[in-house]
Amino acid sequence: MTSLPSTEGTATTATPAATAASADPSTGNPQAPQPPILEVRNLTKSYPARGGGGSAGSGGAGVAKEEDLTVVRDISFAVPRGSTCAILGPSGSGKTTLLGLCAGLDLPTAGEVVLDGVSLSGLGEDGRAKLRNDIVGFVFQNFQLLPTLTALENVMVPMELRGAVERDTRALAAELLERVNLGGRLNHYPAQLSGGEQQRVALARAFINRPRILFADEPTGNLDNDTGHLVIERLFALNAEAGTTLVLVTHDRELAARTQRIYRLKAGAMVE
């Protein structure tokens with residue numbers, strides 16, 4: 001497994017920007033800059049106060065009322081293609097809610113998310129699910145493995161949802177598990193694996209559909225320090241090899257510093 005050099009201490013707080021222009025290999029002339037893989041525009045998410053008549057139920061669109069609970073407040077940022085970034089903040093700052101909005105798992109009360117050039121507000125639930133399966137990978141804090149499937153079968157799930165050929169999918173899943181040092185655990189069920197092993201299965205699953213963007217929500221939150229370090233090394237190595245955009249949600253400043261950009265969140269708002 002290729003390991004990446006640490007970039008700790010090199011991260012900066014970023015402002016929205018398009019990916020820098022590159023030269024056309026055929027002419028040598030500059031190409032137009034690529035649009036960001038993820039654009040978040042004035043995003044707000046609120047929930048009605050108990051017993052209140054707020055307008056911002058799950059998936060609702062409108063203006064938050066004064067009595068509503070606002071967990072994400074007027075956030076705007078952009079993530080360049082192929083970059084790594086962290087959404088950093090303490091528990092309860094709205095990080096996981098923001099991640100869910102960016103991935104189209106929920107809809108905002110106000111504002112817009114554009115993912116790979118597609119406005120999520122213009123898609124229905126099925127359309128958002130298809131877009132996620134086509135271009136998005138996920139790593140969750142609590143692994144989200146299916147208990148009745150083996151490690152190999154869990155990794156295969158995203159490709160099976162696409163209708164991919166089982167033989168090809170099985171071979172790719174086995175290769176990915178080998179690359180996270182689980183070649184001897186292909187036929188083990190989640191209950192037979194340690195927490196670190198389960199998270200490495202989740203990493204392999206996240207990369208099997210060759211995502212353009214990977215969302216990782218506190219990927220080491222349920223792991224001890226040594227195991228968490230191993231998982232993060234595998235995450236960054238796989239991400240670099242695939243050239244995938246990484247959006248990492250964490251409260252860990254040291255982990256956030258390994259990314260190229262840090263977006264800081266406090267009480268649901270972006271801060272400097």
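The values are calculated or read from the model by the stated rules, or taken from the named source; none is laboratory data. Since the model is a prediction, treat every value here as computed from it, not as a measurement. Note: ideal-geometry Cβ built from the backbone for every residue, glycine included; neighbour counts use all protein chains shown.
Below, the figures for the structure above:
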read-out	value
Failed item in (1) within 28 Å of Gly94 (Cβ to Cβ); (2) surrounded by 21 or more Cβ atoms within 10 Å (Cβ to Cβ); (3) not β-branched (Val, Ile, Thr), with Gly228 passing the rest	(2)
All helices (runs of 4 or more DSSP H) inside the range 181-272 with 2 or more residues being over 25 Å from Leu101 (Cα atoms) and over 16 Å from the mean Cα position of the chain (by Cα)	195-207, 225-242
Subset of the range 124-141 (residues that are out of contact with any Phe, Trp or Tyr (no Cβ under 7 Å at 6 or more places or on another chain), crowded, with 17+ Cβ neighbours inside 10 Å and not in a loop (DSSP other than H, G, I, E, B))	Arg128, Leu131, Arg132, Ile135, Val139
Number of positions in the range 108-123 that are small (Gly, Ala, Ser) and part of a loop (DSSP other than H, G, I, E, B)	1
Subset tally (residues that are acidic (Asp, Glu) and over 23 Å from Val136 (Cα atoms)) for the range 219-248	2
Members of the range 130-139 found to be free of Cβ contacts under 8 Å to residues at least 12 places away in the same chain and within 27 Å of Thr220 (Cα to Cα), listed by number	none
Residue in the range 246-268 that is buried (at least 19 other Cβ atoms within 10 Å of the Cβ), at pLDDT below 90 and polar (S, T, N, Q) present	no
Counted residues, the range 167-180 - those being exposed (fewer than 13 other Cβ atoms within 10 Å of the Cβ) and either basic (Lys, Arg) or outside any helix (DSSP H, G or I) (or both)	1
Pairs with Cβ under 8 Å, 6+ apart, first in the range 242-270 and within 14 Å of Ser91 (Cβ to Cβ), second aliphatic (A, V, I, L, M) and surrounded by fewer than 16 Cβ atoms within 10 Å (Cβ to Cβ)	Leu265/Val271
Residue in the range 86-95 that is within 19 Å of Gln34 (Cβ to Cβ) and either part of a helix (DSSP H, G or I) or not charged (D, E, K, R) (or both) present	no
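One line per residue, one yes/no per condition, for (1) at positive phi; (2) surrounded by fewer than 14 Cβ atoms within 10 Å (Cβ to Cβ); (3) in contact with a helix residue (DSSP H, G or I) (Cβ under 6 Å, 6 or more places away or on another chain); (4) in a loop (DSSP other than H, G, I, E, B):
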{"position": "Ser76", "(1), (2), (3), (4)": "no, no, no, no"}
{"position": "Leu98", "(1), (2), (3), (4)": "no, no, no, no"}
{"position": "Leu101", "(1), (2), (3), (4)": "no, no, no, no"}
{"position": "Asp106", "(1), (2), (3), (4)": "no, no, yes, yes"}
{"position": "Ala164", "(1), (2), (3), (4)": "no, no, no, yes"}
